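Enquirer: Input: one structure, supplied below.
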């Protein structure tokens, strides 16, 4: 290994290193291009582990921190707010700043009239056996959303009873049975469908649930409608996810949607990816997850795998008298914004 990195930062020399010392590395990879940075990052991590060197590595790069460190200390305004291994900080942040740094919380402007980020994604960490501390932690993770109207929808890892117990103030969830509801969000009607099959990863829509939808769509026939559901009612070509998709009721649902041209969107979760398909004469879509993403591999025998691509969410806006406009956005902190100007003149 070279004794000096291309950026000019000194590497530890194995021959001169003495046990008991602590090595301080202050952003040693910052000035490198992406390809060299990734290569040296892995080389540095291997060297530190191979020689059992205790090091403090300072970085603002999330991927760099997760790749090199055995334990992470996340700092805000010069103070440590949480210490732990990467998985613990990723899955159980105790502070909103930690959640933001690791991509667990989406922050969107409360000034929008319609906020349709995929809220059901936040519930995937609430299993049927969840205890009161789990519920309290989930509420803490959702707290940074502030004044945004929050509508919850169960996914394949969720239990209806636990969902209601965790959020008793959300009266629209009902007292029992399927979690299906219809609420007005500005000029738009949000209709939520419950696709959960208890104890199974796949989803389904029985005649009872579909009948309720047909009646509700008829009642809201003069308003633009967004249908929200967890399992997508279409093939995504990601085989291992299609195997646990909406296995019952998809064709019947498409026929119902086709009979109601006021349905602007069918929005779904489950896939942890952004996918769009024409469905029943409208657009059906899945959106990225605020956690990990499913690997994009369309091979028929593709392995079931996930990746730490940037977390994301969807925002749907309905301007007065206009069409529903949908945006996909990455959650996290990135460089910029930078103006499209050169010497005071707009670059168009």
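The values are calculated or read from the model by the stated rules, or taken from the named source; none is laboratory data. Bear in mind the structure is a predicted one, so any value in this text is a computation, not a measurement. With ideal geometry, Cβ positions are generated from the backbone for all residues, glycine too; neighbour counts draw on all protein chains shown.
Enquirer: Does region 197-205 contain at least one residue that is touching a residue at least 40 places away in the same chain (Cβ under 8 Å), assigned to a loop (DSSP other than H, G, I, E, B), surrounded by 14 or more Cβ atoms within 10 Å (Cβ to Cβ) and touching a helix residue (DSSP H, G or I) at 6+ places or on another chain (Cβ under 8 Å)?
Expert: Yes, there is a match, as at least one residue in region 197-205 is touching a residue at least 40 places away in the same chain (Cβ under 8 Å), assigned to a loop (DSSP other than H, G, I, E, B), surrounded by 14 or more Cβ atoms within 10 Å (Cβ to Cβ) and touching a helix residue (DSSP H, G or I) at 6+ places or on another chain (Cβ under 8 Å).
Enquirer: I'd like the full set of residues that are surrounded by 14 or more Cβ atoms within 10 Å (Cβ to Cβ) and not in a helix (DSSP H, G or I), limited to region 32-50.
Expert: The answer is 32, and nothing else.
Enquirer: Sort through 222, 216 and tell me the only one that's in contact with a strand residue (DSSP E or B) (Cβ under 9 Å, 6 or more places away or on another chain) and either touching a residue at least 24 places away in the same chain (Cβ under 8 Å) or closer than 24 Å to residue 328 by Cα (or both).
Expert: Sole residue among the options that is in contact with a strand residue (DSSP E or B) (Cβ under 9 Å, 6 or more places away or on another chain) and either touching a residue at least 24 places away in the same chain (Cβ under 8 Å) or closer than 24 Å to residue 328 by Cα (or both): 216.
Enquirer: If I filter region 276-312 down to residues being surrounded by fewer than 19 Cβ atoms within 10 Å (Cβ to Cβ) and modelled with pLDDT of 95 or more, which single residue comes out as nearest to residue 234 (Cα to Cα)?
Expert: Among them, the one singled out is 277.
Enquirer: Another question about this same structure. Residue 29 fails exactly one of the following numbered conditions: (1) within 26 Å of residue 292 (Cβ to Cβ); (2) outside any loop (DSSP other than H, G, I, E, B); (3) modelled with pLDDT of 85 or more. What is the number of that condition?
Expert: Result: residue 29 fails condition (2) only.
Enquirer: Looking only at region 321-339, which residues are surrounded by fewer than 13 Cβ atoms within 10 Å (Cβ to Cβ) and modelled with pLDDT under 85?
Expert: Narrowing region 321-339 to residues surrounded by fewer than 13 Cβ atoms within 10 Å (Cβ to Cβ): 321-323, 325, 327, 333-339.
Hits for region 321-339 are 321, 322, 333, 334, 335, 336, 337, 338, 339.
Enquirer: Going by the conditions given, is residue 190 crowded, with 16+ Cβ neighbours inside 10 Å and either over 17 Å from residue 285 (Cα atoms) or in contact (Cβ under 8 Å) with a residue 12 or more places away in the chain (or both)?
Expert: Values: crowded, with 16+ Cβ neighbours inside 10 Å: yes; either over 17 Å from residue 285 (Cα atoms) or in contact (Cβ under 8 Å) with a residue 12 or more places away in the chain (or both): yes.
Criteria met by residue 190.
Enquirer: I need a count of the residues in region 238-256 that are modelled with pLDDT of 95 or more and either outside the structural domain of residue 197 (by TED's automatic domain parsing) or surrounded by fewer than 21 Cβ atoms within 10 Å (Cβ to Cβ) (or both).
Expert: Matching residues across region 238-256 total 8.
Enquirer: Out of region 69-78, which residues are within 18 Å of residue 21 (Cβ to Cβ) and outside any loop (DSSP other than H, G, I, E, B)?
Expert: none
Enquirer: Taking the stated definitions as given, is residue 185 in contact (Cβ under 8 Å) with a residue 60 or more places away in the chain and closer than 21 Å to residue 150 by Cβ?
Expert: Numbers: in contact (Cβ under 8 Å) with a residue 60 or more places away in the chain: yes; closer than 21 Å to residue 150 by Cβ: yes.
Answer is yes for this residue.
Enquirer: Sticking with this structure for a sec: Which pairs turn up if I take residues in region 248-261 that are more than 26 Å from residue 198 (Cβ to Cβ) and look for partners that are outside any helix (DSSP H, G or I) with beta carbon separation below 7 Å, at least 6 apart in sequence or on another chain?
Expert: Close Cβ pairs satisfying both conditions: 258/280; 258/281; 260/221; 261/281.
Enquirer: Just one of the numbered conditions (1) over 24 Å from residue 161 (Cα atoms); (2) at pLDDT 95 or above is not true of residue 187; which one?
Expert: (2) is the only condition that residue 187 fails.
Enquirer: If you don't mind, there's one more thing I want to ask. Can you spot a residue in region 53-65 that is surrounded by 12 or more Cβ atoms within 10 Å (Cβ to Cβ), free of Cβ contacts under 8 Å to residues at least 24 places away in the same chain and either in a helix (DSSP H, G or I) or out of contact with any strand residue (DSSP E or B) (no Cβ under 9 Å at 6 or more places or on another chain) (or both)?
Expert: Yes, region 53-65 contains at least one residue that is surrounded by 12 or more Cβ atoms within 10 Å (Cβ to Cβ), free of Cβ contacts under 8 Å to residues at least 24 places away in the same chain and either in a helix (DSSP H, G or I) or out of contact with any strand residue (DSSP E or B) (no Cβ under 9 Å at 6 or more places or on another chain) (or both).
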